[in-house]
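Comments concern the structure below.
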Amino acid sequence: MKLFLLIAFTSFALAQSPIPPGAHLEKLATGFQQPEGPVWKDGVGLLFSDIARSTIYEWSPADSSTKVYLHPSDSSNGLTLDRQGRLILTQMLTRRVSRQEFDGAITPLASTYNGKRFNSPNDVVVKSDGSIFFTDPDFNVPGGNKNKELTFQGIYRISLSGSLTLLDSSLALPNGICFSPDEKYLYVNDSQKRIIYVWDVVNDSTISGKRTLYTISTLGYADGMKIDTAGNIYCAGPTGIWIVSPTGALLGKIAMSETPSNCNWGDTDRKTLYITAGSSLYRIRVLATGVVSPQLRNSGYYELQDSYPNPCNPGTMINFHIPWTSAVTLNVFDLLGRQIATLVSGTLSPGEHSVRWDTSEVSSGIYFYRLSSGSYINTKKIVVMK
């Protein structure tokens, strides 16, 4: 089932919106009870939880079909991938964080703190060093709050060796969690207060300096959230996805008729935002690029992505990834092979990079952009249409 809806999108700031004008929100599937935790798995498609049905579903980009990936999932909620591409899942029914091995077996990673069971682990993110950070509010404690064993709602870290650390216990209902692209900051929202908080990441293992980044003014709850390579946060909240800059400015909102629960990046270029909301699954194309999963960040790869929009007028965004500090050039050529623009020329740090090519001064036609770094050379096509 596919349904295209015109986005009611409002820009609230002078910064460029990451949602292209005229973008459409596409409903991919519906009929779920409590969809949550979307994550893209290359070669498979989108995985997402249905908490109430204790099921993880798999949506295929090949034919838009949806099938059961894992049942029972012990009421899984948040999903992510580790550095090896294994599924990490929070399981609310069993009150634990687990890992699915390549053979399908489920390995519990953490279920108690100081001998007391977690409340109901909610959302989860994997750092590039392989450590796992997750939130544990008291939503949906099995059997009700009478079965709570902890007197607080925490933010935790599981190290590579399996040791568990409580990072913070000050939030009323810690929920959505994500890192800045450089992993220097950790963001967690408080569902009850609708506040997105930010901490400094210290020694890659703990957090300090808690402060407020942004408060959602509309009544409701803050839920799952993700970040793009520009550091903009996409937070599921009342009436839609709230987009907040790294400085705490509201860039806009993807308005939705169903209340969103979470979102994540998908497709090979990570420019599609997949959203779970109400009883349905949605997607929308964006200008920004989603943060690459840890297993790719550590694989030493170069990548030049397709520009967007393409065809374009009066400009297009070009995104690329480099694995280490490198001398990089990014040039644009016309059909005759003449170089007409240099977009990058210099040494760049490793990671994701975005460059905008302003096409207002060139005529309609076909152009090529070429990324060169060491022995890596890749060329892609851009169509300028005026």
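Is it true that ILE196 is farther than 30 Å from GLY22 by Cβ, part of a strand (DSSP E or B), in contact (Cβ under 8 Å) with a residue 24 or more places away in the chain and β-branched (Val, Ile, Thr)? Spelling it out, it is not the case that ILE196 is farther than 30 Å from GLY22 by Cβ, part of a strand (DSSP E or B), in contact (Cβ under 8 Å) with a residue 24 or more places away in the chain and β-branched (Val, Ile, Thr). Taken over the stretch 68-100, the criterion of being in contact with a strand residue (DSSP E or B) (Cβ under 8 Å, 6 or more places away or on another chain) and modelled with pLDDT under 95 is satisfied by LEU81, ASP82, ARG83, GLY85, ARG86.
Restricting LEU273, LEU251 to those that are aliphatic (A, V, I, L, M), part of a strand (DSSP E or B) and in contact (Cβ under 8 Å) with a residue 60 or more places away in the chain reduces the list to LEU251.
The single condition among (1) touching a Phe, Trp or Tyr at 6+ places or on another chain (Cβ under 6 Å); (2) crowded, with 20+ Cβ neighbours inside 10 Å; (3) modelled with pLDDT of 85 or more that HIS353 does not satisfy is (2). Residues in the stretch 58-74 that are surrounded by 19 or more Cβ atoms within 10 Å (Cβ to Cβ) and either within 25 Å of ILE284 (Cβ to Cβ) or under 21 Å from the mean Cα position of the chain (by Cα) (or both): TRP59, THR66, TYR69. In the set THR289, THR272, only one residue is of a type outside the set (A, V, I, L, M), modelled with pLDDT under 90 and either buried (at least 18 other Cβ atoms within 10 Å of the Cβ) or not assigned by TED's automatic domain parsing to the domain that holds VAL188 (or both); that residue is THR289. The set of residues in the stretch 116-173 that are touching a helix residue (DSSP H, G or I) at 6+ places or on another chain (Cβ under 6 Å) and in a loop (DSSP other than H, G, I, E, B) comprises SER128, VAL141.
One line per residue, one yes/no per condition, for (1) among the hydroxyl-bearing types (Ser, Thr, Tyr); (2) over 19 Å from the mean Cα position of the chain (by Cα):
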residue: GLY266; (1), (2): no, no
residue: ASN319; (1), (2): no, no
residue: ARG356; (1), (2): no, yes
residue: THR359; (1), (2): yes, yes
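I need the strands (runs of 3 or more DSSP E) fully contained in the stretch 317-386, keeping only those with at least 3 residues that are under 14 Å from GLU303 (Cβ atoms). Passing ranges, in order: 326-333, 351-358, 365-373, 376-384. The one condition from (1) free of Cβ contacts under 8 Å to residues at least 40 places away in the same chain; (2) surrounded by 18 or more Cβ atoms within 10 Å (Cβ to Cβ); (3) within 22 Å of GLU183 (Cα to Cα) that ILE243 does not meet is (1). Number of residues in the stretch 199-219 that are more than 14 Å from TRP242 (Cβ to Cβ) and in contact (Cβ under 8 Å) with a residue 12 or more places away in the chain: the value is 10. Here GLY252 clears all of (1) crowded, with 19+ Cβ neighbours inside 10 Å; (2) of a type in the set (Gly, Ala, Ser); (3) in contact with a Gly (Cβ under 6 Å, 6 or more places away or on another chain) except the condition numbered (3). Taken as a whole, the structure places LEU250 among residues that are farther than 25 Å from GLU303 by Cα, aliphatic (A, V, I, L, M) and at pLDDT below 95.
The values are calculated or read from the model by the stated rules, or taken from the named source; none is laboratory data. The shown structure was predicted, so the numbers you read here are calculated from the model rather than taken from an experiment. Don't worry about glycine lacking a Cβ; one is built from the backbone with ideal geometry, like all the others, and counts go over all protein chains shown.
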